[in-house]
Every structure is written in C-alpha cells, then in structure tokens.
Amino acid sequence: MLRLPNEIYLQMIGHCITGLPDEACGLLTGPYGSGEIVGCYPTRNAAASARLYEIDPVEILHVDRDAQKRGVDIIGVFHSHTHTDAYPSPTDVAQALDPGWHYVLVSLRDTHPVVRSYSIVDGEITEESVVVLTHAAKAS
Amino acid sequence: MPVEVRLPTLLRSQAGGQASVVVSGDTIGEVIEALVAEYPGTASQILNQDGTLHKFVNVYVNDDDVRYLSAFDTPVQDGDEVSILPAVAGG
C-alpha cells in the first residue's frame, strides 16, 4: 500500500501537468520497506520526451543526500503517461531495478489525472492501493 | 585508503542491510573491486560480465560522475564521498 499526504499527491499531479507535452518525473522518499511517502522531489525529465523519461543521476544524488539527512531513503519514482493508461509500459518494467520501490504512474490521458502505484519484481507487475491522507485522516 | 561508499537500497540486501560500507582503494576501480570481493552479491548489479560498469548504475565521487572523469582510473582521496546510484528511467 502506498500512503501519501494530500500535498504530495497534488504536487505530483501538478508537476506532471506542468511538464506537458513531455512526460514528467520525480522521486519519492520514506522509510525503505514501507509505503509511507514523506517526501516528494519533482525532477527534470532529462530525456525531454513525451514517450520516455530519465532522471539525471546528479539529481538522484542530491535527493539521496537530502533523504539521508532526514533519515529516510528514495523508495519510489513517479512519472506521467501523457496519452496512455496509468500502467507500467514495457520500458518501465525493463528499467525497474528495485523490488522494494513503488512505481507510481500518473496518467494525463483523460480529463481527470489518474494515479496508480505498482511494485515491479523480476518483471512482474503488482498493483497496490494508493491512500491519500487528508488532514482529518492524519489526525485520526 | 579506506573509503566510504554509499549504497542504493537496491544493493543493501546484498551488503547485510548496510546503507554504506567502508572498503579500501586508491581508485574507483579498486574501490569497486574491493566492494564486490567483500559483497559478491552486488557484483552482477554493478558490473557487466566483461567487468565494465553496468549501464543501470552510476558511480559518483563527490558531485562528479566517474564516467566523465577517468572511469575506473579515477583517483579517490581521503574524505571523498563515493556514491553508487541506480539509473532511474522508463517510458
């Protein structure tokens, strides 16, 4: 299960819309082994493409250092699909390296953005639920 | 000399769960060699069979990608921060 604060949920969608017509991407941080997202780092799409995304390793390095300072790790990546479903493409699966990461897809194909999350282990895609935490939910 | 290497989450299960390890070497090549000797499970994820750096892995010395320095011949000095990072890309 992926649990993320509403602010991060909106930040991801906003970054993806801002990135149009290209795909947009970013990194998510939290305790490794959990689905608790505590940080969102929108990044540039170094591929500058509507079909591909790539995060510049130096941006990954800087996010990793910031996460380390906060006692968490990079535990996921989000990116947009501008004209297709929020489902990992064969390219996404081929390049999904970490079995512990959350691979979040934001589809902008329809009027309303669709956000879904997956684990990808040895090429096998498993969807997980996405829980957006509102202030009321956090207080409970 | 001893060098601290920061590992991505991907490699930690092969290194006893550690986020960083200290290995010995005067160049990046020696550091990587020492790392995979101590934690053999990391080898296939860092190196190709011909011993070159896997394309899905980036190695940084401080803020510099070793591919743009002298690759495995890049010297490491006391206090340098070596980071191994996964490539993050897709379509």
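Bear in mind these aren't lab numbers, they're just calculated from the coordinates by the rules spelled out. Every value quoted in this text rests on a predicted model; they were computed, and no experiment measured them. Neighbour counts are summed over all protein chains in view; Cβ atoms, including those assigned to glycine, are modelled from backbone coordinates with ideal geometry.
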Whole-Å semi-axes of the ellipsoid equivalent to the protein assembly as shown (Cα gyration tensor, √5λ, descending): 32, 19, 16
Among beta bridges that DSSP assigns inside region A:2-127, antiparallel share in %, nearest 5: 75
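Could you put A:92, A:110 in order, starting from the residue whose Cβ has the fewest other Cβ atoms within 10 Å? Mind showing how you got there, number by number?
Values: A:92 22, A:110 9.
Taking fewest neighbouring Cβ atoms as first place, the list is A:110, A:92.
What are the semi-axes of the equivalent ellipsoid for region A:73-118, taken as the square roots of 5 times the Cα gyration tensor eigenvalues, largest first, in whole Å? Each step should come with its number before you reach the end.
Working: eigenvalues 79, 27, 9 Å².
Working through the eigenvalues yields semi-axes of 20, 12, 7 Å.
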Exercise: per-residue mean of other protein chain Cβ atoms within 10 Å, B:3-11: 3
Normalised alpha carbon radius of gyration of region A:54-140 [divisor 2.2 N^0.38 Å]: 1.22
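Report, to two decimal places, the Cα Rg of region B:2-86 normalised by 2.2 N^0.38 Å (N = number of residues). List each step's numbers first, then the result.
Working: Rg = 11.4 Å, N = 85, 2.2 N^0.38 = 11.9 Å.
Normalised Rg, Cα atoms only: 0.95.
Hull surface divided by four, with the convex hull built on the Cα atoms of region A:2-127: how many nm²?
Working: hull surface 27.5 nm².
If you wrap the Cα atoms of region A:2-127 in a convex hull and average its projections, you get 6.9 nm².
Full-extension gain between residue A:112 and residue A:3, please, as 0.36 nm times their residue separation minus the C-alpha to C-alpha distance. Can you show the working numbers first?
Details: separation 109, 0.36 × 109 = 39.24 nm, distance 2.03 nm.
In short, 37.2 nm is gained.
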Net +/- balance of residues flanking residue A:130 in space, Cβ distance below 12 Å, scoring K and R +1, D and E -1: 0
Protection proxy ranking, peptides B:79-88, A:15-24, average beta carbon neighbours within 10 Å, highest first: B:79-88, A:15-24
